[in-house]
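Readers should treat all values here as calculations from the given coordinates under stated rules, not as data from a laboratory. Note that the coordinates shown come from a computational prediction; the quantities given were computed from them, not determined experimentally. For neighbour counting, all protein chains shown are included, and Cβ atoms are generated from backbone atoms with ideal geometry for every residue, glycine included.
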Amino acid sequence: MASSTFSSVSCLFKDELKILNLKKRNEGKVFVKCSMRCSMSSKAQKPQPEVRIGVLGASGYTGSEIVRLLANHPHFGITLMTADRKAGQPFSSVFPHLITQDLPELVAIKDADFSEVDAIFCCLPHGTTQEVIKALPKELKIVDLSADFRLQDPSEYEEWYGQAHRAVDLQKEAVYGLTEILRDEVKCARLVANPGCYPTSIQLPLVPLIKANLIQLGGIIIDSKSGVSGAGRGAKEANLYAEIAEGIYSYGITRHRHVPEIEQGLSEAAKSKVTVSFTPHLMPMIRGMQSTIYVEMAPGVTTEDLHQHLKVIYKEEEFVRVLEKGVVPRTHNVRGSNYCHINVFPDRIQGRAIIVSVIDNLVKGASGQALQNLNVMMGFHESTGLLYQPLFP
């Protein structure tokens with residue numbers, strides 16, 4: 001927008017906002033028209049958003065990240081926010097750094113009015129979303145950030161999450177939302193299961209390589225490390241500063257709940273069963289995630305082949321960047337952004353390669369990918385609201 005447009009935005013009235021061109025709108029450019037009498041108004045009237053958003057579980061880390069990202073979105077506006085334990089409070093009292101946003105008061109889910117909502121981000125804990133989503137109006141578009149709809153087999157969900165799935169019919173409808181890999185499916189979906197953070201960092205580099213038969217399906221070893229925010233905002237002794245600071249903690253060894261999600265995606269790419277060795281680690285940092293992946297290459301394949309294939313696959317993708325040879329991906333360089341940085345290195349062991357993939361676990365690993373998915377579902381350019389400079393340091 002021109003500077004003159006910015007100076008007049010404060011006097012916009014709802015009935016004076018116009019979207020002039022759908023194609024330009026999808027690029028995130030909004031042109032507005034304002035009459036001269038607006039300048040006489042002492043108080044601006046907030047324009048109605050094109051897409052009215054509800055955020056369920058807004059008081060958690062992924063919920064707050066959704067709110068932070070939506071501040072940059074020209075077409076989405078929040079009209080409903082729930083947080084049962086914080087019901088009745090202004091959002092700014094929970095997350096003061098977002099005080100400048102004009103947001104509705106937090107309410108309990110039982111008191112939520114969905115008549116003024118077009119789409120939902122569900123940021124509730126695992127095991128709690130099935131009944132909630134099942135009860136939502138059928139016309140709503142939904143992106144669920146929990147694990148409740150990620151696994152296609154309900155019996156596998158029961159095995160790994162310790163309870164029977166209570167919305168099996170919805171599970172059949174849900175589309176797995178790894179945007180760069182399943183964009184066409186996401187586009188037509190009503191309910192999208194947003195991928196987990198570890199599976200996102202792992203599948204983005206491995207799925208294209210498996211589909212191209214460039215790596216062996218056996219012997220895949222994945223060493224992943226995450227910031228503490230990945231454990232959620234609930235008060236847990238293991239996440240206290242004194243427990244986390246100045247150390248590294250391996251957890252969920254052989255039994256982490258993301259294992260079936262990772263293997264599901266890799267097996268679909270391979271069209272046969274893939275089993276991996278996966279160990280996650282908690283790092284003394286707030287946000288960020290790195291997956292270091294050890295693979296055996298197919299006969300005759302080199303690390304240059306892996307690197308070149310990933311470069312070609314992701315050449316037109318905004319949010320997946322394959323770095324130049326020799327450049328090591330760093331979590332600092334994607335902090336606060338929706339980007340995934342990847343690179344491939346030769347192992348000292350002949351025939352093996354090391355792949356390093358980094359994301360921000362709260363953005364590309366959760367809320368950013370969720371917004372990317374909803375953009376696709378609603379027909380907007382998928383980068384809308386997501387193109388801004390990452391946090392540093």
Practice task
For Phe278, list long-range residues whose amide hydrogen, built 1.01 Å from N in the peptide plane, is under 5 Å from its own amide hydrogen.
Solution key: Ile222, Thr254
Fill in the blank from the handout: Label model pair Ser383, His97: point-to-point distance (7 angstrom along the Cα→beta-carbon line) in nm is 2.5 nm
Handout entry: Dipole magnitude (debye, nearest 20) for the range 329-393, charges at Cβ of Lys, Arg, Asp, Glu
Key = 240 debye
Exercise for the section: Collect residues whose amide H, placed 1.01 Å from N in the peptide plane, falls under 5 Å from the amide H of Leu124; neighbours closer than 5 in sequence don't count. Expected result: Leu145, Ser146
Handout entry: For Tyr176, residues with placed amide H under 5 Å, excluding near neighbours
Key = Ala193
Fill in the blank from the handout: Phi angles of the range 341-356, converted by Karplus (6.51 cos²θ - 1.76 cosθ + 1.60, θ = phi - 60°) into ³J(HN,Hα) in whole Hz with x for Gly and Pro, give 9, 10, 8, 10, 10, x, 7, 5, 7, 4, x, 10, 10, 10, 10, 10
Problem - ³J(HN,Hα) computed for each position of the range 371-379 - Karplus, 6.51 cos²θ - 1.76 cosθ + 1.60, integer Hz, glycine/proline x - result: 5, 4, 5, 5, 4, 4, 4, 8, x
Exercise for the section: For the range 257-377, give the magnitude of the charge dipole about the Cα centre (Cβ charges: +1 Lys/Arg, -1 Asp/Glu; no others), in debye to the nearest 20. Expected result: 260 debye
Completion exercise
XL table Lys141/Lys172; Lys187/Lys364; Lys134/Lys211; Lys187/Lys225; Cα-Cα > 23 Å flagged, in table order, is Lys134/Lys211; Lys187/Lys225
